[in-house]
Amino acid sequence: MADHHVIIENLVKTYPGAQKPSVDHVSFSLPRGEMLALLGPSGCGKTTILRMIAGLIVPSSGAIRLDGRDVSSIPVYKRNMGMVFQAYALFPHMTVAENISFGLEMRKVGRAEREERVRKALDLVKLAGFGERKVSQLSGGQQQRAAIARSLVIEPELLLLDEPLSNLDAKLRDEMRDEIRDIQARTGVTAIFVTHDQDEALSMADRLAVMSAGRLEQIGTPREIFDRPQTDFVASFIGAGTFFEGKVAGPGVAAVDGLPPLRFVGEAAVGSPVRLMVRPHRLLLAGEDGQPNSFTGTVEHIVYRGQILTLSVRCGSRLLQADLPTHAGVLPQKGDQVTLTVAPEDVTLIGREAA
Amino acid sequence: MSAAVTAPAGGAPAASRGILLMLLLPGLVALVITFLLPLLWLFRASFASSAVGALSGGDWTSEAYTTVLFDPFYWRVAWNTLVLGFNVAIFAVILSYPIALFLARTQSRFRGVLTALAVAPLLTSSVVRTYGWMVILGDRGVINSTLQALSLTDGVIRLTNNSFGATVALIEILMPYAILAMLSGFGRLNVQLEEAAAMLGANRLKVFTRIVLPLSLPGVLTAALLVFVLAISSFVTPRLMGGGRVFVLGTEVFNEATVTLNWPLAAALSVMLLVLFSSIILLYQRALRALEV
């Protein structure tokens, strides 16, 4: 941790007159070359954190360390960080090349070197030949690329991206998602991006920091976050799932109201209350009742979604959500009696580390 | 089949064009009666030999233009007018720019109130505000009496009845227009662009000279043009603050039309003013296009 490239320590931001801090003692760190996603609903403080790292907002307390050096007191224009704004913020009175060259001019880089680096930056984002265009002559995706080139040409310590894909249409978004990931990998720049879109975060980031109400809920790899959520918030914010409250009845067995005992993998003291979650795609159709973790009920609702079929199955007082692959033989109909089963290792014990 | 489909489609625009023309007609008629005809009459009057001739048709003569073009007095008047216009435009723009910039960038919830306050002087007639300036700048006005009471000056410093007074009063009177024009021309200013420039290594001065200033130039240019045009066509303020000693095109047109009753000369002077306007506006449009392309 101590040798990590970027270290955020106990960062707090309380706006004047606000009851609660917008960012409340947040700490995390990134090794060099990592791409971290700050994920959370709007108003969770993720953008405030990004802007504090950039130097656009002054933190109330805490430290932002780059290679061990606290940069909190360094003004924005000396921090040497690249930022890609949500609306790109390209200078409308300059050409694409002038936009990209701006940061180099501020660094008093000579003309010849400037032109060379601008050309390379344009190549990097596949905008070769677009240098003389006006910003208004670019499409949304091209503006995005230009903004990325502009922030990377200065060889920043850290690349910050604020909702980088939110202004693009769906098809372009997928394309730029891979593109940004690719550019980041090729340049090896340490990057932090802010998003409210979990697909974006899961697919682009090496690790995710999930935020809620100013606090960091959990930080981990996409798999850890998805499969082993540590808090209720993370479990419900990322992906869908059916939640169960119960009591630990024995080692790896929980008694849940109105259902057969639920087996899970994980450490929990006998008699203690637990919260468990099953992801919809972990529930499978079972041949017959009687296996462990099998629930029989009536199909109440069916949504056909192409590759998967989403079922809502009524089991006593509970509604289980299951995603079945549509290629799996005969599909259940509304009103059918079905038996669903889940492997104990696919039952997530919320709030505990993986066993 | 296809003809049946295309026929109504082809007829529709013609019909709507007809409706458009009908809708435009009242406005056009009003413009022709109140603007175009008087303008033509003004043009005709400037070539008449007398006021009577101007009304009844009469003969054509370029006498008025000969006077305007060959009498050095009118060249001085034109020059005075231009100098007044430029001075007023430059100072009104310089003084209004920080105010407009503040109003455009502020996040304050009082922004609306502040904007209203900045343009509130427009609610009073410029005659009243000119008299206000006479009270301040007059020979026995606030400034002179204060200076004398403090024994800083012996005599009276002449601040009115000259072009200085007229310029000062016009600057203040036209500033709200400058602020409004700038605010409407600052559309491309955006705090995020300033942040982006700062992220790229620009300090506050560089952010201003490289981002804010160039992006606000269209607004500045619009404001300068508006103030200039209003200043060179002003009559009340130069007349009152100048005390009859400041000769600009506005006051001369008034003099020739109502005092000397030389209508052809008044008309010729008006045409000159019109030519001045048009050439300035043409220059402005060129400059604006150069800025925005």
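The values are calculated or read from the model by the stated rules, or taken from the named source; none is laboratory data. Just so it is clear, the structure is predicted and the values come from calculations on it, not from any experiment. As a convention, Cβ positions derive from the backbone with ideal geometry for all residues, glycine included, and neighbour counts pool all protein chains shown. Side chains are part of the model used for accessible areas, which takes the heavy atoms of the whole protein and leaves out ligands, DNA and RNA. Shrake-Rupley method; radii C 1.70, N 1.55, O 1.52, S 1.80 Å.
Exposed loop sites here are GluC sites (Glu not before Pro) in DSSP loop states with at most 13 other C-beta atoms within 10 Å. What is the longest stretch of chain A lacking them? Maximal segment without exposed cleavage sites: A:133-266. A 1.4 Å probe run over the range A:1-98, with the rest of the protein chains in place, finds 40 Å² accessible per residue. In loop segments of the range A:111-152 as defined by DSSP, the trypsin sites (Lys or Arg not before Pro) with at most 14 further C-beta atoms inside 10 Å of their C-beta are A:LYS126. Give the cross-link partners of A:LYS134 among the aspartates and glutamates, using a straight C-alpha distance below 13 Å as the criterion and excluding same-chain residues fewer than 8 apart. Here the aspartates and glutamates satisfying the reach criterion relative to A:LYS134 are A:GLU98, B:GLU292. Peptide A:76-83 is shielded by partner chain Cβ atoms: per residue, an average of 5 of them sit within 10 Å of its Cβ. When its C-alpha radius of gyration is set against 2.2 N^0.38 Å (N residues), the range B:65-292 gives a value of 1.19. Taking 22 Å as the limit for the C-alpha separation, the pairs A:LYS120/B:LYS206; A:LYS126/B:LYS206; A:LYS13/A:LYS46; A:LYS78/A:LYS108 exceed it in the case of A:LYS120/B:LYS206; A:LYS126/B:LYS206. Take the accessible area of B alone and of A alone, subtract that of the pair with a 1.4 Å probe, and the total buried over both chains is about 2000 Å².
The figure for B:TYR177 is an accessible area of roughly 80 square angstrom, using a 1.4 Å probe on the protein chains alone. Scanning chain B for long hydrophobic helices, with DSSP H runs required to stretch 20 angstrom or more by C-alpha along their axis and to average at least -1.0 on the Kyte-Doolittle scale, returns B:2-31, B:72-105, B:163-185, B:213-232, B:263-292.
Label sites at B:GLU63 and A:ILE302, each approximated as a point 7 angstrom past Cα along Cα to Cβ, lie 10.3 nm apart. Once you sort the root eigenvalues of the Cα gyration tensor of the range B:150-243 as a ≥ b ≥ c, which label holds: rounded (a/c under 1.5), prolate (a/b larger than b/c) or oblate (the other case)? Oblate is the answer for the range B:150-243, as a/c is 1.5 or above yet b/c matches or exceeds a/b. With a 1.4 Å probe rolled over the protein heavy atoms of all chains, the accessible area of B:TRP75, B:TRP263 falls in the order B:TRP75, B:TRP263, largest first. Mean partner shielding of peptide B:204-215, defined as the number of other chain Cβ atoms within 10 Å of each residue Cβ, is 2. Annotation for the range A:86-161 versus the range A:219-292: alpha-carbon center distance of 49 Å.
Compute the orientation-averaged projected area for the protein assembly as shown from the convex hull of its Cα atoms and round it to one decimal in nm².
Working: hull surface 198.1 nm².
Directional mean of the projected Cα hull area for the protein assembly as shown stands at 49.5 nm².
What do you get for Rg/Rh over the range A:3-129 if you use C-alpha atoms and the Kirkwood form of Rh? Please list the in-between numbers first.
Values: Rg = 17.3 Å, Rh = 16.8 Å.
Computed over Cα atoms, the ratio is 1.03.
Less than 14 Å Cβ to Cβ from B:THR67, Lys/Arg counted +1 and Asp/Glu -1: what total charge do the surrounding residues give?
It works out to a net charge of -3.
Nearest 500 deg cm²/dmol is fine: what mean residue ellipticity at 222 nm does chain B get from its DSSP H runs of n ≥ 4 alone, each adding -39,500 (n - 2.57), divided by its residue count? Result for chain B, helices only: -24000 deg cm²/dmol. Looking at the protein assembly as shown, the DSSP beta bridges with both ends there are about 75 percent antiparallel. On chain B, 72 percent of the accessible area sits on carbon and sulfur atoms, based on a 1.4 Å probe. The distance separating the Cα centre of the range B:106-176 from that of the range B:210-262 comes to 17 Å. Where in the range B:189-259 are there trypsin sites (Lys or Arg not before Pro) that are in a DSSP coil and have at most 16 other Cβ atoms within 10 angstrom of their Cβ? Within the range B:189-259, the qualifying trypsin sites (Lys or Arg not before Pro) (loop, at most 16 other Cβ atoms within 10 Å) are B:ARG245.
Relative to the longest principal axis of the Cα atoms of chain A, the long axis of helix A:170-187 makes an angle of roughly 60 degrees. Partner lysines whose Cα lies under 19 Å from the Cα of A:LYS247, excluding those fewer than 8 positions away in the same chain, are not found.
For the range A:96-254, the fraction of C-alpha pairs more than 29 angstrom apart is 34%.
Rounded to the nearest 10 degrees, the inclination of helix A:111-124 to the longest alpha-carbon principal axis of chain A is 20 degrees. Based on every Cα atom in the range A:6-229, Rg and the maximum pairwise Cα distance Dmax equal 17.4, 53 Å.
Converting the Cα gyration tensor eigenvalues of the range A:220-294 into ellipsoid dimensions via √(5λ) gives semi-axes, longest first, of 21, 17, 11 Å. Around B:ARG158, what is the net charge, scoring Lys/Arg as +1 and Asp/Glu as -1 over all other residues with Cβ under 15 Å from its Cβ? Residues close to B:ARG158 contribute a combined charge of 0. For the range A:232-340, applying the loop criterion from DSSP together with a ceiling of 16 other beta carbons within 10 Å to the trypsin sites (Lys or Arg not before Pro) yields A:LYS334.
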